[in-house]
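What follows is a single structure, written as structure tokens, with notes after it.
Values in this text are rule-based calculations from the coordinates and carry no lab data. Treat the numbers as computed from the prediction; the structure is a model and nothing was measured. Every residue, glycine as well, gets a Cβ built from its backbone with ideal geometry; the counts of neighbours run over all protein chains shown.
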Amino acid sequence: MVLREELVSYLDDYLGVRLIPDYGPMGLQVEGRRPIGRIVTGVSACLELFEAAVQKEADLVIVHHGLLWDRDSRVVQGPLRRRLRFLLEHDLNLLAYHLCLDVHEEVGNNILAVKALGLHNIAPLGRIGLMGTAEEMEYTELVELVRYTFDREPFAFSFGPARIHRIGYCSGGAPDDLALAIAEGLDAYITGEVQEKTMHMAKEAGIHFIAAGHYATERLGIRALGEHLAHKMAVEVEFVDIPNPV
């Protein structure tokens, strides 16, 4: 058992929330009961996740995609109203960690992915992403590795070289960073989502592009964060997988 404010303070410091500007308030988003003994983690704040947390008698939910974003309306209605009402009625805390969880050097979505993909000589790619080198492989080998790492069938454009060595990566929705990968002369770029313009960019630049799914690429960090917390504090933590095909 730990007090909510102690846990929030620890996570805010561990993840460097104050050091990384984001698109909304990160950390505590909805206040619930103070004593925390059981935690549920998940990728995105949604009613199904909150209902699972209550069934598991959790006191707190930690997500990568929270409820509150700068770009959204301040009017509390529709799905937002139902989600907030459920949290408040069940005295359930909600914490959200977005970009700070993408870039974290230990439990970040990106570092966990590039290590799982076997990359070395890792360096930044833009603000959030990473790039590195791998043992030379064929395109089909890379696709199989991505499929195994994220446990889903990727969407891909194969326009790169026959042998792949230098690879860029950014979790979630970062198809625009394909331009950074092209500028770096990479052989392949992997992210979560694809755009309409992606095909022609990849084709004209001669680079492989692989979209492994926004949700799938962002399960790694929130799961690792929960495991870290379970070892660090006197709390039980369980990851709840609510698959999303996007």
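Any residue at all in the range 181-188 that is surrounded by 24 or more Cβ atoms within 10 Å (Cβ to Cβ), closer than 30 Å to GLU48 by Cβ and out of contact with any Cys (no Cβ under 6 Å at 6 or more places or on another chain)? Looking for residues that are surrounded by 24 or more Cβ atoms within 10 Å (Cβ to Cβ), closer than 30 Å to GLU48 by Cβ and out of contact with any Cys (no Cβ under 6 Å at 6 or more places or on another chain), one finds none in the range 181-188, hence no. What about ILE111, is it crowded, with 20+ Cβ neighbours inside 10 Å, without any contact (Cβ under 8 Å) to a residue 40 or more places away in the chain and among the β-branched types (Val, Ile, Thr)? For ILE111, the condition - crowded, with 20+ Cβ neighbours inside 10 Å, without any contact (Cβ under 8 Å) to a residue 40 or more places away in the chain and among the β-branched types (Val, Ile, Thr) - is met. Go through the range 114-143 and report how many residues are touching a residue at least 12 places away in the same chain (Cβ under 8 Å), of a type outside the set (Gly, Ala, Ser) and either touching a Cys at 6+ places or on another chain (Cβ under 8 Å) or in a strand (DSSP E or B) (or both). Result for the range 114-143: 11.
Condition check ((1) charged (D, E, K, R); (2) surrounded by fewer than 18 Cβ atoms within 10 Å (Cβ to Cβ); (3) within 21 Å of THR191 (Cα to Cα)) across all residues:
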| site | (1), (2), (3) |
| --- | --- |
| VAL2 | no, no, no |
| ARG33 | yes, yes, no |
| SER44 | no, no, yes |
| ASP59 | yes, no, no |
| LEU95 | no, no, no |
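Mind checking which residues of the range 205-236 are surrounded by fewer than 22 Cβ atoms within 10 Å (Cβ to Cβ) and part of a loop (DSSP other than H, G, I, E, B)? Residues satisfying the conditions are GLY206, MET233, ALA234, VAL235. Restricting ALA134, ALA162, ALA156 to residues that are in contact with a strand residue (DSSP E or B) (Cβ under 8 Å, 6 or more places away or on another chain), surrounded by fewer than 19 Cβ atoms within 10 Å (Cβ to Cβ) and under 13 Å from ALA188 (Cα atoms) narrows the list to ALA162. Scanning the range 154-175 for residues that are in a loop (DSSP other than H, G, I, E, B) and either polar (S, T, N, Q) or under 18 Å from the mean Cα position of the chain (by Cα) (or both) returns PRO154, SER158, CYS170, SER171, GLY172, GLY173, ALA174.
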